[in-house]
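Worksheet: the structure to be examined is printed underneath.
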Amino acid sequence: MEVEITGRQMEITPALREYVNSKVSRAEKYVSRSFGAHVILEVDKLRHIVEIIMNVKGSQLTAREEGDEMYASIDGAMTKIEQQLRRYKDKLSHHKGGTSLAEEALHAEEEPAS
């Protein structure tokens, strides 16, 4: 996993860099191969903007979030990326003839809990 962090109109602190790396590393559970991510952190007056661009197996996923706090914006952008990764993984498994994640979830709900 290769993560590049860029700060616009701001200094990236070690704590912020560590937080971004920990959030982006959660994407490894959706992707079996290595991937690259470019995280752009920007401060514009009172807005904190985060843009995440992730390259996965030749596809590019992008998410942008803005808010009052940088950490909340990072969380929001990463949530969007995880949703895209779930859809991408589901699409690949369905395309290859395997069961999709949605079908597995449906079968898990149908089975009675013991």
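Quick notes on this structure:
- Low-density loop cleavage sites - GluC sites (Glu not before Pro) in region 1-38, where at most 15 other Cβ are within 10 Å (DSSP): Glu11
- Listed by chain and number, the lysines whose C-alpha is less than 30 Å from the C-alpha of Lys29, apart from same-chain residues fewer than 8 away, are Lys57, Lys80, Lys89, Lys91, Lys96.
- Inter-label distance, nm, simple model (7 Å from Cα along the C-beta direction), Ser34/Glu2: 0.7 nm
Readers should treat all values here as calculations from the given coordinates under stated rules, not as data from a laboratory. Note that the structure is a prediction, hence the values are computed from the model and not measured. Note: ideal-geometry Cβ built from the backbone for every residue, glycine included; neighbour counts use all protein chains shown.
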